[in-house]
Amino acid sequence: MRFLNIIKPVMCILPEVRAPERNVQFKERMMWTIITLLIFLVCCQIPLYGIRSNSSGTPRPNTHAFFPYLDVIPDPFYWMRVILASNRGTLMELGISPIVTSGMVMQLLAGSKIIQVDQSVKEDRALFQGAQKLCGLLITIGEALAYVMSGMYGDVKELGAINSILIILQLFFAGVIVLVLDELLTKGYGLGSGISLFIATNICENIIWKAFSPTTYNTGRGTEFEGAIIAMFHMLITRTDKVRALNEALYRQNLPNIFNLLATVLVFIIVIYFQGFRVDLPVKYER
C-alpha cells in the first residue's frame with residue numbers, strides 16, 4: 001500500500017480552500033490579499049493567553065515593544081524571526097516555519113522516491129498536498145510542544161498544566177490560520193504566494209515600527225522614543241546642543257537610529273536595481 005493512500009481517510013477532516021471555478025478578477029484578488037495581510041498583522045499583535053511574566057531580570061530596551069515582560073527570557077530565534085515572519089509572544093510565534101518545513105520534508109521524501117507520487121495524476125497531486133498539509137499540522141503541534149516544554153514562556157511548573165495546554169492550542173490554531181491563508185492565496189484568490197507576502201509584510205512592519213514607534217525608554221540620558229525618526233525630531237526640539245542631538249540620533253546605541261534606517265533603504269534600492277538588471281547572453285548550438 002502506498003503512503004499517499006493512507007492519507008485518504010484523513011483528507012475529509014483537513015482544512016481546505018477550494019480552487020475558484022471562475023476567473024477571479026484583479027480587484028477581487030487585491031481585496032482577498034489585503035484581507036489576508038490584515039488577518040496576519042492582527043494575529044501578529046494578539047498576545048498569547050497564559051504567558052507568565054518573569055520577575056527576575058530587567059527588561060532590555062529595543063527587544064520587545066509590545067510585551068516587555070518577555071525580554072527577561074532570551075529569544076534564541078531573534079535573528080530568524082524576520083525570515084520566519086514570526087512575532088514573539090503572539091499568535092504568530094511560529095510564523096511560516098511549519099509550512100516551510102513540511103514543504104521541504106515532503107519534497108525531500110518525494111525526490112528521494114521514499115514516497116511514490118505522480119504529479120501528472122490529479123488524484124496524486126491532491127493526496128500529496130493533503131499529506132503536506134497534515135505534515136504541517138503535525139509540525140505545528142510538535143513546535144508548540146517544544147516551545148512550551150523548553151521554557152520559552154517560563155518554567156512549565158509556574159505556567160501550570162492548564163496554561164501550557166492553552167498556549168499549545170493557541171499556537172496550533174494560529175498555525176491552521178496561516179496554512180489556510182497561504183492556501184487561499186496560492187489557489188488563485190490572491191496575488192503571489194502567502195509565504196512571500198507574510199515575510200515581506202513582517203519586514204515592512206518592523207521597518208515602520210522601528211522608524212515611527214512612539215514607545216519611550218529611559219536610557220539614562222532622559223526619555224527617548226524607540227522610533228528613529230520620531231526620536232530625531234524629539235532630540236532636535238528638546239535639546240539645546242543640536243549638533244550633538246543629531247549625532248546621537250544618527251548613531252545611538254541599543255535603539256534604532258537614522259543610520260540603520262538609511263542603510264536599510266540603501267539595501268532596498270540596491271536589491272531593486274539588481275533585480276531589474278538584465279544581461280543577454282548569445283547561445284549557439286552546433287551539431
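The values are calculated or read from the model by the stated rules, or taken from the named source; none is laboratory data. Everything numeric here is computed off the predicted structure, so don't read it as measured data. Cβ coordinates were reconstructed from backbone atoms using ideal geometry, including for glycine residues, and neighbour counts include every protein chain displayed. The protein model used for the area step is the full one, side chains on, heavy atoms only, and it has no ligands, DNA or RNA in it. Shrake-Rupley method; radii C 1.70, N 1.55, O 1.52, S 1.80 Å.
All of ALA126, ALA174 fail the test of being closer than 19 Å to GLU16 by Cα and over 22 Å from the mean Cα position of the chain (by Cα), apart from ALA126.
Looking at the structure I just gave you, is ASN260 touching a helix residue (DSSP H, G or I) at 6+ places or on another chain (Cβ under 8 Å), in contact (Cβ under 8 Å) with a residue 24 or more places away in the chain and open to solvent by less than 40 Å² (accessible area, probe 1.4 Å)? Judged against the criteria, ASN260 is not a match. Pairs linking a residue in the range 15-27 that is closer than 22 Å to ILE177 by Cα to a residue that is open to solvent by 100 Å² or more (accessible area, probe 1.4 Å), with Cβ atoms under 9 Å and 6 or more positions apart or on different chains, are GLU16/GLN129. With respect to the stated conditions, MET92 is closer than 16 Å to VAL178 by Cα and crowded, with 19+ Cβ neighbours inside 10 Å.
With a cut-off of at least 2 residues that are of a type in the set (Gly, Ala, Ser), without any contact (Cβ under 8 Å) to a residue 24 or more places away in the chain and surrounded by 15 or more Cβ atoms within 10 Å (Cβ to Cβ), name the helices (runs of 4 or more DSSP H) lying wholly within the range 155-252.
Values: elements: 156-184, 194-212, 228-238, 242-251.
Counting at least 2 such residues, we get 242-251.
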